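The values are calculated or read from the model by the stated rules, or taken from the named source; none is laboratory data. Here the structure is a predicted model, which means the values were calculated and not measured. All Cβ positions, even for glycine, are placed from backbone atoms using ideal geometry, and neighbour counts span all protein chains on display.
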Amino acid sequence: MKLLITGGAGFIGSHVVRRFVRNYPQYSIVNLDALTYAGNLANLADVQGESNYRFVKGDITDKEFIQQLFREEQFDGVIHLAAESHVDRSISGPDAFIQTNVVGTANLLNAAVESWKGNMDGKRFYHVSTDEVFGSLGAEGKFSETTAYDPRSPYSASKASSDHLVRAYHHTYGLPILISNCSNNYGSHHFPEKLIPLIIHNIKNKKPLPVYGKGENIRDWLWVEDHARAIDVVFHRGKLGDTYCVGGNNEWKNIDVVKLLCKLMDEKLGRVDGESEQLITYVTDRPGHDARYAIDATKLKTELDWEPTQPFETLLSQTIDWYLQNDAWLEQVTSGSYRNYYEQQYNR
Ligand code: NAD
Ligand code: DAU
């Protein structure tokens, strides 16, 4: 199996690369990543010397480069994670999302069709997507594989567009595809522009903890290593042409997640109980902020025997420990352009 993983230097991608490099020594794995602000090869320091792994720096929006790479490498499988992934950045600058998430995905699809035409046996194009394509839930119900698309941010609209393209290439060209739509991930190596690592970073440094609106929005949190395991089972055993919803069965209001982080970190840092909660600062809400996400992952459980690891508090506590023990990683990713982004985002 010659496997292309795109976006492998990012948060989820690095967990997927590590899992595949370790579990499938017989595969030849190419990690293609443009190393944007979100891509970091330090995330993969522990596997970089493995004989079944190779990193290629490249941009999926570069059509000729992608075509050439597919011609040279003759991939059998693709797991596509490369994307612009942060909703707030999509609001302040949607163009990069349309380029990478839509045009970049189309380039990969075209290259796969070209490379595999005439013999698609044993080939797999797996597109990793998000539950945000389904829009926003009210108090009841959950997203499932049959939920209609209703994206509401430039990020989710660009991911929805890419999902539609992937399905269209299956129906039109017979491309052997798989799609999964996953809920919010948390864990190690998460770029601290996203809620959980941002709050951990700010608690540690006694900085304000920005909570959008009233903090009432709900997310369904899944441990990133559970997502990587889901990607593994869907890639190997999923039904071609099918979609799988992946979720943590673990809904939390943002304010409750922030308070739990404060409590756990006060204990770990030897602070007085309640000290970090004083840092909570309610800030201007995200425009078009989706109220609630929740996933019904019954299909993945019944067909592929996948379930999330529990409980959340234990995994969140381990996650905090990782950030506290990996100071150098946090310092590296929060320097430079991140500081400019942070200033703009929180001093609007
Ligand atoms: P991330 O932002 O941490 O990583 C994205 C990676 O893609 C980075 O390494 C970046 O360098 C690379 N990349 C960006 N543009 C590129 C380009 N033009 N060419 C090549 N590489 C490029 O993202 P993540 O949170 O790890 O998300 C990975 C995927 O999973 C995305 O497709 C995202 O939509 C999806 N997803 C994320 C979550 C989540 O909670 N983070 C949940 C569900 C689905
Ligand atoms: O649901 C899956 C999606 O989860 C992925 O597709 C996205 O790539 C990923 O970024 C994530 O999107 P969210 O917008 O849900 O994640 P984020 O961490 O940005 O925000 C989580 C919630 O916390 C959301 O309701 C907004 C809120 N928030 C976020 C930040 C960064 C705050 O209250 N304050 C903040 O500073």
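When you check residue 144 against the structure, is it under 20 Å from the mean Cα position of the chain (by Cα) and within 13 Å of ligand 2 (Cβ to nearest atom), yes or no? I'd like the intermediate steps shown before the answer.
On the way: under 20 Å from the mean Cα position of the chain (by Cα): yes; within 13 Å of ligand 2 (Cβ to nearest atom): no.
No: the conditions fail for residue 144.
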Worksheet item: When you scan the range 195-298 for strands (runs of 3 or more DSSP E) that lie fully inside it, which ones turn up with 1 or more residues that are within 15 Å of ligand 1 (Cβ to nearest atom) and either over 25 Å from residue 343 (Cβ atoms) or not acidic (Asp, Glu) (or both)?
Response: 218-220, 243-246, 251-253
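Charged (D, E, K, R), touching a residue at least 12 places away in the same chain (Cβ under 8 Å) and either loosely packed, with under 15 Cβ neighbours inside 10 Å or more than 15 Å from ligand 2 (Cβ to nearest atom) (or both): which single residue out of 232, 296, 273 fits that description?
Numbers: 296 fails: either loosely packed, with under 15 Cβ neighbours inside 10 Å or more than 15 Å from ligand 2 (Cβ to nearest atom) (or both); 273 fails: touching a residue at least 12 places away in the same chain (Cβ under 8 Å).
On inspection, the qualifying residue turns out to be 232.
Looking at 64, 72, which is the one that is of a type in the set (D, E, K, R), in a helix (DSSP H, G or I) and closer than 28 Å to residue 95 by Cβ?
Details: 72 fails: closer than 28 Å to residue 95 by Cβ.
Sole residue among the options that is of a type in the set (D, E, K, R), in a helix (DSSP H, G or I) and closer than 28 Å to residue 95 by Cβ: 64.
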Worksheet item: Among the residues of the range 173-182, is there at least one that is surrounded by fewer than 20 Cβ atoms within 10 Å (Cβ to Cβ), within 23 Å of residue 255 (Cβ to Cβ) and small (Gly, Ala, Ser)?
Response: no
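From the set of residues in the range 37-82 that are among the small types (Gly, Ala, Ser), in contact with a strand residue (DSSP E or B) (Cβ under 8 Å, 6 or more places away or on another chain) and within 30 Å of residue 328 (Cβ to Cβ), which is farthest from ligand 2 (Cβ to nearest atom)?
Pass one, the range 37-82, residues among the small types (Gly, Ala, Ser): 38-39, 42, 45, 49, 51, 58, 77, 82.
This time we only want the ones that are in contact with a strand residue (DSSP E or B) (Cβ under 8 Å, 6 or more places away or on another chain), so: 39, 58, 77, 82.
Within this subset, residues satisfying the condition of being within 30 Å of residue 328 (Cβ to Cβ) are 39, 58, 82.
Details: 39: 14, 58: 21, 82: 12 Å.
Residue satisfying both the conditions and the ranking: 58.
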Discussion item. With the structure loaded, tell me whether residue 168 is within 16 Å of ligand 1 (Cβ to nearest atom), surrounded by fewer than 22 Cβ atoms within 10 Å (Cβ to Cβ) and in a helix (DSSP H, G or I) or whether it fails that test.
Written reply: no
Worksheet item: Inside the range 17-61, can you point out the residues that are more than 14 Å from ligand 1 (Cβ to nearest atom), of a type in the set (A, V, I, L, M), part of a loop (DSSP other than H, G, I, E, B) and under 26 Å from residue 236 (Cβ atoms)?
Response: 47
Practice prompt. From (1) surrounded by 19 or more Cβ atoms within 10 Å (Cβ to Cβ); (2) away from ligand 2 (no atom under 11 Å from the Cβ), pick out the condition that doesn't hold for residue 134.
Written response: (2)
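What do you reckon, is residue 77 under 17 Å from residue 130 (Cα atoms), in contact with a helix residue (DSSP H, G or I) (Cβ under 9 Å, 6 or more places away or on another chain) and buried (at least 18 other Cβ atoms within 10 Å of the Cβ)? First the steps, then the outcome.
On the way: under 17 Å from residue 130 (Cα atoms): no; in contact with a helix residue (DSSP H, G or I) (Cβ under 9 Å, 6 or more places away or on another chain): yes; buried (at least 18 other Cβ atoms within 10 Å of the Cβ): yes.
Against the criterion (under 17 Å from residue 130 (Cα atoms), in contact with a helix residue (DSSP H, G or I) (Cβ under 9 Å, 6 or more places away or on another chain) and buried (at least 18 other Cβ atoms within 10 Å of the Cβ)), residue 77 does not qualify.
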Worksheet item: Consider residue 18 against the criteria (1) closer than 25 Å to residue 179 by Cβ; (2) of a type outside the set (A, V, I, L, M); (3) modelled with pLDDT under 95: it satisfies all of them except one. Which criterion is unmet?
Response: (3)
Discussion item. Yes or no: the range 110-131 includes at least one residue that is away from ligand 1 (no atom under 11 Å from the Cβ), of a type in the set (Ser, Thr, Tyr) and part of a loop (DSSP other than H, G, I, E, B).
Written reply: no
